Amino acid sequence: MPEPAWAEGYVVDIGYTHGYYRELAPSALRFVTLLGGVRSPDPAAPFVYYELGCGNGHSTALHAAANPSGNFYGVDFNPMHIHHARRLAQYGGIGNAHFLETSFAELVEADLPEADMVVMHGVHSWISRENRAHIVEFLRRRLKPGGLVHVSYNCLPGLAQVAPLQRLLMEHAHLSGGALPERVRGALDFARRFEQTGAHYFAANPLAKARLAHLGGQDPTYLAHEYFNANWSPSYHADVARELAAAKLSYVGSAVIMDNFDQFVLKPEVTEMLAGIGDRTLAETLRDYARNQVFRRDVFARGAPRADAAELEATLSGTCFALLRPRPLCRLTGKTPLGEVTLRTEAYAPVLDALARAPMTLAELLSAPETAALDRVHTRQAVFGLAALGNLAVALPAAGEAERRAATDRYNAAILARPAAHPGGTMLASPVLGCGVPASLIDLLLLADTGGEDGAAERVMDALAAGGHKLQKDGKALEDRDELRILVEARTRSFHAAQLPFLRLAGVTG
Ligand SMILES: C[S@@+](CC[C@H](N)C(=O)[O-])C[C@H]1O[C@@H](n2cnc3c(N)ncnc32)[C@H](O)[C@@H]1O
């Protein structure tokens, strides 16, 4: 069936996946401004936030719940998505999220408040040049001076080899009949068989061959949106930076915290060569060549007002940090584009230990007993290194937590009222972090269980059986009740030892 005219080539007969993206949180954007040396928005001030192409609305809804001082607008032209997003907001008792069934063209003319933050994830590379121009025009008209923009996109040079594969899939899907999921399967099957014939394209472009092999295991809904849109245009960072310059935006940094630290992502000789390049746009684009980058998550600011060193230090001192995962699960070793990095225990663990007690500002961390052996420079370095490995993040100020907590409690209660609706787990809203924290189905069942620790594992097993949910062990569904009991008891113990204290710290539960 052809896409309707309003869809402008975008896939609309399959709803988008139900993803949540923490890097779109207002607190995450603030962190990038701190790292980029740009003046940070006041976390205590009210703000207006837009998510363009919000899909089913999970990120906007959760961020609205965790940031009640913000006014959130989720924009998407697909009524199926907006319908879902509005129900989510309604169930979650969220009054500060507004979901608009509006196209980017219509958005330009809509009478809406000026924006402090505009985010778009998974949008830029999949829409037409005209629609990108509408977004730029919206930013030009509506983004406040100093306002922030998050834009993620497929990027070049990393996807240069893959572009002809996308075209092949798309052309094949165009010609075959049937519903989109069948056409997706048909096109993938054809491409695989074609590759087997020894077609030179695949031999000459090993990244395309690897990508095709990888596609087989992915969710068809995701694949339909990722590869089967009429528009699929990976961009050089330089082109995105120039496009957004029309709305007076300048690049601030990456929403992937690690990517802001050359020592984690670039070889020293590359860093040295790039240091000689005065132009930020070119330097940033060359970093993508150095890494053969395939995807970027950029943060831009309008006017990008620079903070001087004293202002930056003062802002940093007053910025609150909190753990993103249970202390026992925090990692000092992590993967980087260069291989693996291991942070020194004696320099980094004290910061984790302090934050396992309570979220703290950098100033509070400096006077915490755990960090007594660290000076300011090392404490700051530890905070950044730990953030790069995903152990901690910028949190919201302690003031205002009670108001936030009332909103996140409503949102989380709606999720916990139907834990079985989330067989793969979901995100709960944290009033401390201002973003979502993951919870597995077992975590949800245990949080929803009011019977105390005794017999909790048995009740979880009953709930799993009632919902027809099977737990997996070594990739296989567990059928044997004794084996299941052993697994559920182990998970219940680890929930009480690690996950529950963390969820309390994050303000998700009492
Ligand atoms: C790949 S999805 C990303 C959804 C969401 N940001 C996420 O990451 O889960 C892109 C979204 O943009 C929406 N979209 C595409 N073209 C649009 C347009 N011209 N106007 C408004 N929304 C559009 C689609 O309906 C879809 O929900």
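The values are calculated or read from the model by the stated rules, or taken from the named source; none is laboratory data. Everything numeric in this text was worked out from a predicted model, so none of it was measured. Note that we place each Cβ from the backbone using ideal geometry, even for glycine, and neighbour counts take in every protein chain shown.
Couple of notes before you dig in:
- Members of region 27-50 that are closer than 19 Å to Leu396 by Cβ and either hydroxyl-bearing (Ser, Thr, Tyr) or within 16 Å of the ligand (Cβ to nearest atom) (or both): Ser27, Ala28, Leu29, Thr33, Ser40, Tyr49
- Residue check for Glu483: more than 28 Å from Gly57 (Cα to Cα) and without any contact (Cβ under 8 Å) to a residue 40 or more places away in the chain: yes
- Thr509 vs. criteria β-branched (Val, Ile, Thr), modelled with pLDDT of 85 or more and over 19 Å from Pro423 (Cβ atoms): yes
- Qualifying position, being crowded, with 22+ Cβ neighbours inside 10 Å, in contact (Cβ under 8 Å) with a residue 12 or more places away in the chain and among the β-branched types (Val, Ile, Thr), among Val48, Val32, Val108: Val32
- Any hit, region 436-459, residues being under 30 Å from Ala314 (Cβ atoms) and free of Cβ contacts under 8 Å to residues at least 24 places away in the same chain: no
- The condition of being modelled with pLDDT of 95 or more, among the hydroxyl-bearing types (Ser, Thr, Tyr), surrounded by fewer than 22 Cβ atoms within 10 Å (Cβ to Cβ) and more than 9 Å from the ligand (Cβ to nearest atom) holds for only one of Ser103, Ser69, that being Ser69.
The rows are residues; the columns are (1) over 29 Å from Glu195 (Cβ atoms); (2) within 13 Å of the ligand (Cβ to nearest atom).
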| residue | (1), (2) |
| --- | --- |
| Val118 | yes, yes |
| Val123 | yes, yes |
| Val136 | yes, no |
| Leu139 | yes, no |
| Leu143 | yes, no |
| Gly158 | no, no |
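- Near pairs, Cβ below 9 angstrom, 6+ apart or cross-chain, from region 60-84 (in contact (Cβ under 8 Å) with a residue 60 or more places away in the chain) to any residue that is charged (D, E, K, R) and within 15 Å of the ligand (Cβ to nearest atom): His63/Glu51; Phe77/Glu8; Phe77/Glu101; Phe77/Glu106; Asn78/Glu101; His81/Glu101
- The condition of being crowded, with 19+ Cβ neighbours inside 10 Å, away from the ligand (no atom under 14 Å from the Cβ), β-branched (Val, Ile, Thr) and outside the structural domain of Ala414 (by TED's automatic domain parsing) holds for only one of Ile82, Ile94, that being Ile94.
- Residues considered: Glu137, Glu101, Glu182, Glu114. Of these, the only one that is closer than 30 Å to Leu286 by Cβ, out of contact with any His (no Cβ under 7 Å at 6 or more places or on another chain) and either without any contact (Cβ under 8 Å) to a residue 40 or more places away in the chain or not aliphatic (A, V, I, L, M) (or both) is Glu137.
- Residue in region 99-112 that is more than 22 Å from Glu137 (Cβ to Cβ) and not assigned by TED's automatic domain parsing to the domain that holds Val383 present: no
- Within region 199-245, tally of residues that are in a helix (DSSP H, G or I), of a type in the set (D, E, K, R) and within 24 Å of the chain's Cα centre (by Cα): 4
- The lone exception for Gly53 - which of (1) on the phi > 0 side of the Ramachandran plot; (2) away from the ligand (no atom under 12 Å from the Cβ) it fails: (2)
- For first residues located in region 211-229 and within 16 Å of the ligand (Cβ to nearest atom), partners that are basic (Lys, Arg) and lie 6+ apart or on another chain with Cβ distances below 8 Å form the pairs Pro220/Arg185; Phe228/Arg183.
- In region 337-368, the residues that are free of Cβ contacts under 8 Å to residues at least 24 places away in the same chain and hydroxyl-bearing (Ser, Thr, Tyr): Thr342, Thr345, Ser367
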